[in-house]
Amino acid sequence: MTFHPLGPYLEASDEVREALAAGRPVVALESTIISHGLPYPANLKTALAVEEVVRRGGAVPATIAVIRGQARVGCDRDDLERLAAGAVKASVRDLPALYARGGTGATTVAATATIAAQAGIRVFVTGGIGGVHRGWGETLDISADLEVLGRVSLAVVCSGAKAVLDVAATLEYLETKGVTVVGLGTDRFPGFYLRATPFPVDAVAADPAEAAAIVSARLASGLPGAVLVAVPIPAADELPPAVVETALAAALGEAAARGITGKDVTPFLLEAMRQATGGRSLGANIALVLNNAAVGAAIAVELA
Ligand code: PSU
Ligand code: MN
């Protein structure tokens with residue numbers, strides 16, 4: 001596949017470039033979930049399946065990663081295989097060194113959203129966003145995802161933030177940053193493996209068209225910052241709350257015992273949850289990402 005420069009350190013596949021130029025719907029996808037969110041080979045299979053769901057929904061998928069020093073919008077099969085085999089986790093602060101040295105990295109929500117907005121993409125689909133970690137008062141561990149959502153103009157479709165985070169504090173931070181949190185068919189912020197947390201969203205959209213109308217209003221009004229479209233995991237794939245609670249206690253205990261800090265915290269907790277649920281969290285994670293991809297494609301089609 002050939003890639004064309006869109007700007008300094010920014011390139012797009014032919015397919016993505018043509019779709020953007022023609023105003024056709026494009027959906028951005030992140031790559032940290034491939035390299036650090038899911039184990040091999042489920043990660044490669046899921047990355048390909050998510051792209052297929054976006055296509056079936058009438059939009060062009062654009063998986064984003066840094067490949068040999070360029071932010072690539074629309075990774076090809078070789079790129080996805082490389083990312084699935086392992087690549088460093090790249091948030092916004094990591095991009096300059098990768099660009100300068102020709103490095104390769106899997107982009108987080110923060111980095112992916114930043115690059116997607118630079119490319120002119122208006123819809124980005126992921127599983128769960130990063131957020132405010134438990135114990136943030138001691139560690140100040142607050143994901144750059146939240147900061148970026150406050151400044152880039154696009155829709156981010158997700159299933160909320162995992163219970164491994166301090167969800168109440170995450171929502172407070174999103175409010176501070178002026179992010180609009182829209183619940184798709186729900187008035188409660190979703191809890192990733194669970195359909196709902198006790199916390200309310202800012203606005204309820206009955207369907208993707210209503211969500212798209214809110215996204216469209218935010219973009220057209222010139223307000224910087226994102227609309228977070230929060231989609232509950234399909235009911236059939238939800239994990240029992242007791243299973244999540246037990247696994248969560250085990251994962252958090254393990255992370256504390258091993259002194260895990262910084263960028264390793266989120267990948268460690270995801271893997272610990274997988275082990276503590278006997279793999280059930282993995283099935284739930286894949287199911288919700290596929291569902292979010294269908295919703296994101298529908299929103300992109302509405303916006304186009
Ligand atoms: N939440 C998930 N799966 C993931 C991540 C979050 O359920 O794979 C990844 C995303 O790429 C997100 C990143 O942007 O973790 C957040 O990491 P940190 O907390 O270090 O900012
Ligand atoms: Mn962090």
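To keep it simple, each residue is scored yes or no on (1) surrounded by fewer than 19 Cβ atoms within 10 Å (Cβ to Cβ); (2) among the charged types (D, E, K, R); (3) at pLDDT 95 or above.
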| site | (1), (2), (3) |
| --- | --- |
| Phe3 | no, no, yes |
| Pro8 | yes, no, yes |
| Glu11 | no, yes, yes |
| Pro25 | no, no, yes |
| Ala28 | no, no, yes |
| Thr32 | no, no, yes |
| Leu44 | yes, no, yes |
| Val53 | no, no, yes |
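How many residues are more than 26 Å from Val73 (Cβ to Cβ) and in contact (Cβ under 8 Å) with a residue 60 or more places away in the chain if we restrict to the range 119-159?
Within the range 119-159, residues that are more than 26 Å from Val73 (Cβ to Cβ) and in contact (Cβ under 8 Å) with a residue 60 or more places away in the chain number 4.
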message: Please go through the range 70-112 and give me each residue that is under 16 Å from Pro8 (Cα atoms) and among the small types (Gly, Ala, Ser), ordered by number.
response: Ala71, Ala97, Ala100, Gly102, Gly103, Ala111
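Could you go through the range 235-257 and let me know if any residue there is at positive phi and out of contact with any Ser or Thr (no Cβ under 6 Å at 6 or more places or on another chain).
The answer is no, given that none of the residues of the range 235-257 is at positive phi and out of contact with any Ser or Thr (no Cβ under 6 Å at 6 or more places or on another chain).
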message: Residue pairs, Cβ under 7 Å, 6 or more apart or interchain, first in the range 36-48 and under 15 Å from Asn291 (Cα atoms), second hydrophobic (A, V, I, L, M, F, W, C) and surrounded by fewer than 23 Cβ atoms within 10 Å (Cβ to Cβ). List them.
response: Thr46/Ile286; Ala47/Leu80; Leu48/Leu80
- prompt: Which ones in the range 240-267 are within 13 Å of ligand 1 (Cβ to nearest atom) and not in a helix (DSSP H, G or I)?
  reply: Ile260, Thr261
- prompt: Checking Ala287 against (1) part of a helix (DSSP H, G or I); (2) crowded, with 24+ Cβ neighbours inside 10 Å, which test does it fail?
  reply: (2)
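Would you say Val88 is at pLDDT 95 or above, among the β-branched types (Val, Ile, Thr), over 23 Å from Val181 (Cα atoms) and within 16 Å of ligand 2 (Cβ to nearest atom)? Don't jump to the end; show me each part of the working.
On the way: at pLDDT 95 or above: yes; among the β-branched types (Val, Ile, Thr): yes; over 23 Å from Val181 (Cα atoms): yes; within 16 Å of ligand 2 (Cβ to nearest atom): yes.
Yes, satisfied.
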- prompt: Within the range 162-180, can you find the residues that are within 25 Å of Ala298 (Cα to Cα) and in contact with a Pro (Cβ under 9 Å, 6 or more places away or on another chain)?
  reply: Gly178
- line: Residue set Ala168, Ala59; condition more than 16 Å from ligand 2 (Cβ to nearest atom), at negative phi and touching a helix residue (DSSP H, G or I) at 6+ places or on another chain (Cβ under 7 Å); output residue Ala59
- request: State all residues of the range 119-145 that are buried (at least 24 other Cβ atoms within 10 Å of the Cβ) and within 13 Å of ligand 1 (Cβ to nearest atom); if no residue qualifies, say none.
  value: Phe124, Val125, Thr126, Gly127, Gly128, Ile129, Gly130, Gly131, Ser143, Asp145
task: Considering each of Val227, Val231 in turn, give the residue that is away from ligand 1 (no atom under 16 Å from the Cβ) and either among the acidic types (Asp, Glu) or surrounded by 19 or more Cβ atoms within 10 Å (Cβ to Cβ) (or both).
output: Val227
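Looking only at the range 132-160, which residues are more than 19 Å from Ala298 (Cα to Cα), among the β-branched types (Val, Ile, Thr) and touching a strand residue (DSSP E or B) at 6+ places or on another chain (Cβ under 8 Å)? Let's see the steps before the verdict.
Taking the range 132-160 first, the residues more than 19 Å from Ala298 (Cα to Cα) are 132-152.
Still in the list and also among the β-branched types (Val, Ile, Thr): 132, 139, 142, 148, 152.
Passing the criteria: Val132, Thr139, Ile142.
The values are calculated or read from the model by the stated rules, or taken from the named source; none is laboratory data. Here the structure is a predicted model, which means the values were calculated and not measured. Cβ sites come from the backbone with ideal geometry, for glycine too, and all protein chains shown count toward neighbours.
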